[in-house]
Every structure is written in C-alpha cells, then in structure tokens.
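Heads up, the thing below is written out as structure tokens.
The values are calculated or read from the model by the stated rules, or taken from the named source; none is laboratory data. Remember, it's a predicted structure, so these values are computed and weren't measured experimentally. Here Cβ is always computed from backbone atoms with ideal geometry, including for glycine, and neighbour counts include all displayed protein chains. Accessible surface is based on the protein model in full, side chains and every heavy atom, while ligands, DNA and RNA are left aside. Shrake-Rupley method; radii C 1.70, N 1.55, O 1.52, S 1.80 Å.
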Amino acid sequence: MIDTIELAKKTLIQNRKSGYTLPTNNNLYPAQWNWDSAFISLGYSYFNLEYAIKELETLLLGQWEDGMIPHILFHDNDETYFPNHKTWECGNKIPSSGITQPPIVATIVKKILDQNKLDQGQMKRMEVIVKKLKKYLEWFYNFRDKNKIGLVSIIHPWESGLDNSPIWDGPLDKVKIEENLKYERRDLNVSKSENRPLKKDYDAYITLLNQFKKIKYNPSEIVNNSMFNVIDIGFNSILIRATKDLVEVAKKFNLDFSDLKNRISMSEESLIKFYKDEEQSFFSYDFINHDLIKIDAISNYFILFANLENKDMNNKIINKLKKYNSQKEYFFTTVNPKDQTFEETRYWRGPVWINSNWIIYQGLINKDRNFSTLIKNKTLDLLENKKFYEYYNFKNGDCLGAKNFSWSAALYLDFKFN
Ligand code: DGY
C-alpha cells in the first residue's frame, strides 16, 4: 500500500498544470485559487522547492496593477466552471476574478524561507515575490480599510474563502437580488447539492459580481457601494499575521517595510474592540446592518493566528476553544454544532476542513503546546485514515466534497514534518 506521504506528493503532482496546481482534479475548481495555491506551495516545499516557488510566481503573475491578487486565475479557456473568465470579464495579464481571498500567502512565504536553505537564484526570485506581496498587503490597507482603523472589509463572501458560512447569512439578506438574474451553476454537476451552497446564496453571489463588474472593479467604488461589507475576524486575523510575517521576511532581504509595521499596532487595537466579554468571543461586524454577527464559528478563533500581544485575551479564547468540539473524535467543525445554523454536511456550515485546523494549530503552537499537539495528531489521524478530501463529517470522518484535494495533501506534509 502506498504510504500517506507518497500519496500526498502524488496528489499534488497529479493536480499540477504548467506552473500552477488545481485545488482538485475533478472539474469542481478547474483554475488557480489564491489561498489554495499558497497552501499548495507549502506542500511542495517539502519535496520540490522549484515547484513551490513556481506556484507562487504564477499566482503573482495575475496580480493587478493596483496590487490586488485575485481569488481565481483562469489560465486557460476552460468554461466548465461557473463563474468563469467570461462572466468576470477582468484580469491583468491573466483573466481572473475581480475579488481577492485571505492573504495567507505571506505567512506561507515566511515559513518556506525559515525552513529551507535557498540558493542565490531562488533568493532573488523570492525577493521579487516579497516585494509584490508588500504591494498586495498595502492594497488592503489602501482600499479596504474604509475607516482607516487598520481593519479591512470583505465585499463578497467568496473573499473570505468560507463561502457559505452562516456568518454571511445576515449580511446577505440585505443584498437585493438582481431581477431576471440568469446563470447556470456547474458545481452541482460534480458535487452533491446537499454539500454545496444553496440557490439563494448563489443568487446573491452573482448579483454582487454583476454589481462590481458594472463599476469596472474600481476598488474605491466597490468598498463604498457593495451591498455586502463585513469586517471579518478570520480575514483580519490572517491579514494581521501576514503583515507581521512580511515585516520579518523583509529583514532577510534587507528591505525596509517599517511602514507596514505601523499598521500592526493600530489593527490590534481596533480588533480588540470586537471581543465581547459576555460570550468570551470575537465576532465579525456587518457594516451595512451595523451589527455584530453572533455566530460561534471556527473562523472567530483564527484570532489566535494573529498572535495578539495580549496573553489574557489569548487564554480566554483558548479556554473557549477547548469547549468548542475538541473532545470529539473529529474536529474542528466550521460552526459549533450547538449553533442553530450548523449543518453537518454542507460546505462551510459544519464540516471539518484541514486548513481551518492548520490555522488554529499555527495559532496555538506558541501558546498551548499540549492543545496544539492534540490538534496536530488528530488531524494526521484523520488524513492517514481517510486520505485527502475537501472536507469531512465530524461525527464519523466521512469524506465529503472533492477527492484528491490539494490543500489537504499539502497541509498533511506540513503537519507531518513539523
Ligand atoms: C466555489 O466555486 O465554490 C469557490 O469556493 C468560489 O471561490
């Protein structure tokens, strides 16, 4: 029997196209996705540094002039996915979507550089990547930090990477669905409808897309006009960590990123205000309804990944997380099973995702060694028993969504070798 490490490598290689890697090979996602690609690059770094760097370079080829890195790059004219390049009608050198995704790539670059000895040529290439990433992070602070408080808004649920999390239910209710909206979903041809987002979610996703297209994806206009505008805890935690990590990485290249550094204290100060003592939790904020979104979702705990300089607060979050569902056989669910919005098998409304476990694990390593080891061992067990699927059922570990899922394979390698 092929061992799990070899299978992980094989999964990535089999999903690899020229210079980039598909999230899976079953036509559910036939393009390059931003945060998938970052996780994938980390996976390659354990056996093929060249592929790891190339993956990032290809992702950055699609960076827009203003600095944004799109959430999807459509490298060929594949139309099996919806919405494809014909719907979005945008992109810089590569046709792309017109929105972004969590900037986890900066943290991944730091990890790859810390863990590997790169030769001179590779360091030069990495320096180019690092400079482009600075432009990316600045783009967030320039265009998405509407109130100049160091926290950014997402303007589409797809930007969060957690597409149909119940966190977006309230905000999406305010999206006025376009009249005579016509589109044809393709995801249901390759995935079960009970695992995927609902029609009402897609109606809102496409309405928002069409609105952005109308204003030509102008970043200043989008943030002012979008019917969806959320300061998301998970997203901002990843951005704060990305900013901290990129500042550190810059030192390896004798680059001065101190202007980015100034953002960090302001972001942390603002973020702390979203902590509510009563629930001992952070909650995302709906800018349109002016409401905190009180749903107990795993992405609220991504705050640990931000490495806030506040030990007390971190400890409170860790204690709460221990009651979330780590006593179960399989965890973490995307939403607390006790929350009324929880759905056992539907995409980001319940199932266990490997990247969520990884983000939490990374946030805990320097704060609670025993707990982080428990998460790592449980995740490794799940992957060794079930192999690399898109997501899993928390009750029995049943495999859900796509098989041969790249980031599950890539993050297996990272869990295994660290
Ligand atoms: C999808 O198509 O489900 C993707 O997650 C959107 O980015």
Quotient of C-alpha Rg and 2.2 N^0.38 Å, computed over region 31-110: 1.08
So, with points 7 Å from each Cα along the Cβ direction, the residue 87-residue 311 label distance in nm works out to 5.0 nm
Rounded to the nearest 500, the 222 nm mean residue ellipticity computed for the chain from DSSP H runs (n ≥ 4, each -39500 (n - 2.57)) alone is -15000 deg cm²/dmol
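Classify the chain as rounded, prolate or oblate, taking a ≥ b ≥ c as the square roots of the eigenvalues of its Cα gyration tensor: rounded when a/c is under 1.5, otherwise prolate if a/b is larger than b/c and oblate if not. List each step's numbers first, then the result.
On the way: a/c = 1.07, a/b = 1.04, b/c = 1.03.
Here the chain falls in the rounded category.
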Once the in-chain neighbours fewer than 8 apart are removed, the lysines whose Cα is under 21 Å from residue 320 read 273, 276, 294, 311, 328, 338, 367, 376, 378, 395
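Quote to one decimal, in nm, the extra length available between residue 278 and residue 10 on full extension: 0.36 nm per residue of separation minus the C-alpha distance between them.
Values: separation 268, 0.36 × 268 = 96.48 nm, distance 4.76 nm.
Stretched fully, the residue 278-residue 10 segment lengthens by 91.7 nm.
Going by average Cβ neighbours within 10 Å, how do the peptides 321-332, 296-307 rank, with the highest at the top? Please list the in-between numbers first.
Numbers: 321-332: 17.2, 296-307: 24.7.
Ranked from most to least packed, the peptides come out as 296-307, 321-332.
Which shape class, rounded, prolate or oblate, goes with region 185-267 when its Cα gyration tensor gives a ≥ b ≥ c as root eigenvalues, a/c under 1.5 marks rounded, and past that a/b bigger than b/c marks prolate? Before the final figure, lay out each step's value.
Values: a/c = 2.79, a/b = 1.88, b/c = 1.48.
Note, shape of region 185-267 comes out prolate.
Place the peptides 181-190, 78-87 in order of packing, highest mean first, counting for every residue the other Cβ atoms within 10 Å and averaging per peptide.
Numbers: 181-190: 13.3, 78-87: 16.0.
So the order, starting with the most tightly packed, is 78-87, 181-190.
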Residue-count net charge about residue 114 - beta-carbon cut-off 10 Å; Lys, Arg +1, Asp, Glu -1: +1
With a 1.4 Å probe and all protein chains left in place, how much accessible area per residue does the chain have, in Å²? 39 Å²
Given a 1.4 angstrom probe, I'd like the percentage of the accessible area of the chain that is carbon and sulfur, rounded to a whole number. 46 percent
Theoretical gain in end-to-end length, residue 47 to residue 120 [0.36 nm per residue, Cα-Cα removed]: 24.4 nm
Region 1-140, convex hull of Cα, quarter of hull surface, nm² -> 8.7 nm²
Along Cα→Cβ, 7 Å out, is where each label goes; now give me the distance between the ones at residue 327 and residue 213 in nm to one decimal. 5.0 nm
Which one of 118, 212, 394 is farthest out on the positive end of the charge dipole of the chain, using unit charges on Cβ (Lys, Arg +1; Asp, Glu -1) and the Cα centre as origin? 118
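At most 16 other Cβ atoms within 10 Å and a DSSP loop assignment: could you name the chymotrypsin sites (Phe, Trp or Tyr not before Pro) in region 230-300 that fit? Kindly include the intermediate steps, with their values, before the conclusion.
Values: sites: 235, 253, 257, 274, 275, 282, 283, 285, 287; in loops: 253, 257, 274, 283, 287.
Here the sparse-neighbourhood loop sites are 253.
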Provide the three semi-axes, in whole Å and in decreasing order, of the ellipsoid equivalent to region 112-204 as defined by the square roots of 5 times the Cα gyration tensor eigenvalues. 36, 21, 12
Proximal lysines to residue 251, defined as alpha-carbon separation beneath 20 angstrom and excluding residues fewer than eight positions away on the same chain: 110, 111, 117, 124, 131, 132, 134, 135, 261
